[in-house]
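The values are calculated or read from the model by the stated rules, or taken from the named source; none is laboratory data. What you see is a predicted model; the values in this text were computed from it and never measured. Just so you know, the surface numbers come from the protein's heavy atoms only, side chains and all, with ligands and any DNA or RNA stripped out. Shrake-Rupley method; radii C 1.70, N 1.55, O 1.52, S 1.80 Å.
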Amino acid sequence: MEESLIPKLDTRWLTWAAFVEETKRVGYLAGPMVVVTLSQYLLQVISTMMVGHLGVLPLASSAIAISLATVTGFSLL
């Protein structure tokens, strides 16, 4: 049988210790997902900022390319 995430208690209410334990378990799963999402976003932001120093036309073209890559490529990942 699988181990339940929230331990069974005698009372009907959730204790603070059980809440903290559940938050830790969810954090172990959600932490890497948050880091990957932020890394993908920051990669796009840094690329746009670096191209922005080259001029208006390269900035516009890179913004279009990054948005197309986001819609088509990164969504499939």
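Annotations for the structure displayed:
- Segment 9-74, accessible surface, carbon-and-sulfur percent (1.4 angstrom probe): 77
- For segment 9-74, the Rg and Dmax computed from alpha carbons only, in angstrom: 20.9, 67
- Couplings 3J(HN,Hα) of segment 32-48, computed from phi: x, 5, 5, 5, 5, 5, 5, 5, 5, 5, 5, 4, 5, 5, 5, 4, 5 Hz, in residue order, whole Hz [Karplus 6.51 cos²θ - 1.76 cosθ + 1.60, θ = phi - 60°; x for Gly and Pro].
- Accessible area of segment 9-74 divided out per residue, in Å², using a probe of 1.4 angstrom: 83
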